[in-house]
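The numbers here are math on the coordinates, done by the rules we state, and not lab data. What you see is a predicted model, and the numbers here were worked out from it, not measured in a lab. For neighbour counting, all protein chains shown are included, and Cβ atoms are generated from backbone atoms with ideal geometry for every residue, glycine included.
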Amino acid sequence: MNMELIQPFINSLDAVISEIMRCSARIADVTMQEGNYQRTGVAALVTLSGDIQGRIILDMDTAAASQAASDLAGISGEPSEETAREIICELTNMVIGNSVTQLNDRGFKFKVHPPELFLIDVGPRGTLDSETVLLRFELPKGAVYLNIAVHDNSHELVGSPA
Amino acid sequence: MVSSVGYQDNILSALQKGARHFVQKPVKPEAFYEIIRYVLSENAAPSPTAAGEAQS
């Protein structure tokens, strides 16, 4: 696994959670995943294409989504399904946006597609040429999962026809 | 302009296209309030430097 590509996503998740939810996200578990992704709570997926190719899934369990709804929108108790979906898309947008900023500053150029709600229970595998890493972050209330399947495509693009 | 993507090319492009300021999300409410006040003031003008400060 290329940590140069993974680390910005970890840093960004930590920074966004810290800023929005005023708490720290502790990495509780890191696993390499070979099978399909099994959704835990409310999740959103972002696709990248260009120098970096692949997809990232951000997934929050109910407790974390409730806390995020409270911190982001002042909602107490368990948020409605619609609110939880809006929140996961906004958090994903911020985490990926901050990661993209860091990666772009390191010279990677790529396109980021808008977050899509990840509604099916069992999602896609990583692409054939990507290793998939699943990180579980523990929050004071609940957990957030970051599923990353990306690879450095810049060398392939250099040799490809225009 | 408010965006989660705050790399330099993005900021410059926004300012060149008429944005008067650039703020990267997540936004700190206190800083955002000051930026809105600044942008709404008559003397506000696009400022890449100020945009960079807003990211920190």
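Stretching the chain fully between residue A:111 and residue A:2 yields a gain of 37.3 nm (0.36 nm per residue, less the alpha carbon separation).
Charge dipole (Cα centre; +1 on Lys/Arg Cβ, -1 on Asp/Glu Cβ; no other charges) of region A:77-116 amounts to roughly 460 debye.
So what's the net charge close to residue A:107: Lys and Arg +1, Asp and Glu -1, counting the other residues with Cβ under 13 Å from its Cβ? Net local charge, residue A:107 excluded: -3. Tilt of helix A:3-21 relative to the longest C-alpha principal axis of chain A, in degrees (0 to 90, nearest 10)? Orientation of helix A:3-21: about 20 degrees from the principal axis.
Here is how the number arises for chain A: DSSP H runs of 4 or more residues each give -39500 (n - 2.57), the sum is divided by the residue count, and the result at 222 nm is -12500 deg cm²/dmol. Scaling the Cα radius of gyration of the protein assembly as shown by the globular reference 2.2 N^0.38 Å produces a ratio of 1.06. Assuming charge only on the beta carbon of Lys and Arg (+1) and of Asp and Glu (-1), the dipole of the protein assembly as shown about its Cα centre is about 380 debye to the nearest 20. Spin-label model, residue A:141 to residue B:12: label points 7 Å out along the Cα-to-beta-carbon direction sit 4.4 nm apart.
Of the two radii for region A:1-123, the radius of gyration is 0.96 times the Kirkwood radius, both from the alpha carbons; that is the Rg over Rh value.
Mean separation of Cα pairs under 8 Å and 6+ residues apart, divided by the residue count of region A:3-150: what relative contact order is that in percent? In percent, rounded to a whole number, it is 39.
For chain A, a Gaussian network of Cα nodes joined below 10 Å ranks A:107, A:50, A:41 by mean-square fluctuation, and the top entry is A:107. The phi-based Karplus calculation (6.51 cos²θ - 1.76 cosθ + 1.60; θ = phi - 60°) puts the 3J(HN,Hα) values of region A:79-93 at x, 5, 4, 5, 5, 4, 5, 4, 5, 5, 5, 5, 5, 4, 4 Hz, whole numbers, x for Gly and Pro. Using 0.36 nm per residue and subtracting the Cα-Cα separation, the extra length available between residue B:1 and residue B:41 on full extension is 12.8 nm.
Taking a sphere under 13 Å around the Cβ of residue A:154 and counting the other residues whose Cβ falls inside, with K and R at +1 and D and E at -1, yields a net charge of -2.
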